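Here the structure comes first, spelled out in structure tokens, and everything after it is commentary.
The values are calculated or read from the model by the stated rules, or taken from the named source; none is laboratory data. If you're wondering where the values come from, they're calculated on a predicted model, not measured in any experiment. For neighbour counting, all protein chains shown are included, and Cβ atoms are generated from backbone atoms with ideal geometry for every residue, glycine included.
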Amino acid sequence: SGLFEPKSCTYTYLLADVKSKEAIVIDPVLEMAKRDAALVRELGLSLLYAANTHCHADHITGTGLLKKLLPGCRSVISRDSGASADVLIQEGHSLKFGAFALETRSSPGHTDGCLTYVLNDKTMAFTGDALLIRGCGRTDFQQGSPETLYRSVHQKIFTLPGDCLIYPAHDYTGQTVSTVEEERTLNPRLTLSMEAFVRVMNNLDLPKPQQIDFAVPANLKCGIQDSVV
Ligand SMILES: N[C@@H](CCC(=O)N[C@@H](CCS)C(=O)NCC(=O)O)C(=O)O
Ligand SMILES: [Fe+2]
């Protein structure tokens, strides 16, 4: 299922193995955790993991609340994020659910701890804010680095099969899904040379996310809901 949170324009994804009923949610949002838990229950699923692609700056993660709502669910984030969670993962680790698994690729540059989760058959990639549809995550806060992001996208995402579907953590224009081939050929930022990309990223001049000052400290404790409400 593709799920949406309108304030931060965040996409949350629920993946399940219909046979075993084991499921994973990617990038849940605190305000929508009750909706997500209700969907999991309605579908008769057992939610094994609530996984973050990175320590978000623009909303509070729903992973802590989902743990409370769905006992047995474990929160996940990368070790490199510096955040706490039940499961700290890094490149090469995989999260199994039924006959499927999400494989972890490290894709830093928007933040140090950004991960891209790739379905084991390489038909889908959940890119967080590393690669957005016709865009990419900004590099002007947290541990942002345009050079690092450029390398991550080219080495870790554009090397996937061309027909691999790209599911980002956000979209601000209403687009929901892309492919590796589309972004490799049409992304206005990532088709530039590294030098031109760095220039563009250093001159975006975006206002900072409205929730950044309380979202980042809360997300550093993404498995511990008690400390953020
Ligand atoms: N207006 C939004 C924040 C928008 C924003 O900064 N988005 C980030 C991703 C979330 S950390 C981003 O990287 N955007 C890239 C871009 O090119 O827009 C809010 O106040 O929450
Ligand atoms: Fe982000």
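Would you please list the contacts, defined by Cβ atoms under 7 Å and residues six or more apart or on different chains, that run from a residue in segment 118-135 that is in contact (Cβ under 8 Å) with a residue 24 or more places away in the chain to a residue that is part of a strand (DSSP E or B) and basic (K, R)?
V118/R105
Could you grab me the full set of residues in segment 143-178 that are polar (S, T, N, Q) and under 26 Å from H59 (Cβ atoms)?
Residues satisfying the conditions are Q143, S145, T148, S152, T173, Q175, T176, S178.
How many residues does segment 10-51 contain that are part of a loop (DSSP other than H, G, I, E, B) and either of a type in the set (D, E) or within 20 Å of V177 (Cβ to Cβ) (or both)?
Start the filter on segment 10-51 by keeping residues that are part of a loop (DSSP other than H, G, I, E, B), which leaves 17-21, 27-28, 43-45.
The next check asks that each one be either of a type in the set (D, E) or within 20 Å of V177 (Cβ to Cβ) (or both); those that pass are 17, 27-28.
Within segment 10-51, residues that are part of a loop (DSSP other than H, G, I, E, B) and either of a type in the set (D, E) or within 20 Å of V177 (Cβ to Cβ) (or both) number 3.
If I ask for residues that are buried (at least 22 other Cβ atoms within 10 Å of the Cβ) and within 11 Å of ligand 1 (Cβ to nearest atom), which ones from segment 143-164 would you list?
Across segment 143-164, the qualifying residue is only L149.
Just one of the numbered conditions (1) surrounded by 19 or more Cβ atoms within 10 Å (Cβ to Cβ); (2) within 16 Å of ligand 2 (Cβ to nearest atom) is not true of K208; which one?
Status for K208: all satisfied but (1).
Checking R105 against (1) without any contact (Cβ under 8 Å) to a residue 60 or more places away in the chain; (2) more than 23 Å from T185 (Cβ to Cβ); (3) not hydrophobic (A, V, I, L, M, F, W, C), only one condition comes out false. Which one?
The single condition R105 does not satisfy is (2).
Checking D58 against (1) outside any loop (DSSP other than H, G, I, E, B); (2) acidic (D, E); (3) within 16 Å of ligand 1 (Cβ to nearest atom), which single condition isn't satisfied?
With respect to (1) outside any loop (DSSP other than H, G, I, E, B); (2) acidic (D, E); (3) within 16 Å of ligand 1 (Cβ to nearest atom), D58 is out only on (1).
Return the residues of segment 73-94 that are within 13 Å of L48 (Cβ to Cβ) and in a loop (DSSP other than H, G, I, E, B); say none if nothing qualifies.
Matches in segment 73-94: C73, D86.
Which is of a type outside the set (S, T, N, Q), at pLDDT below 95 and assigned to a helix (DSSP H, G or I), of D213, D226?
Testing whether each residue is of a type outside the set (S, T, N, Q), at pLDDT below 95 and assigned to a helix (DSSP H, G or I) leaves just D226.
Determine whether segment 58-67 contains at least one residue that is in contact (Cβ under 8 Å) with a residue 24 or more places away in the chain and more than 15 Å from C222 (Cα to Cα).
Here is the first cut: in segment 58-67, the residues in contact (Cβ under 8 Å) with a residue 24 or more places away in the chain are 58-67.
Pick out the ones that are also more than 15 Å from C222 (Cα to Cα) and you get none.
The answer is no; no qualifying residue exists.
For the condition within 13 Å of the chain's Cα centre (by Cα) and under 26 Å from I133 (Cβ atoms), what is the one hit in Y13, Y49?
Y13
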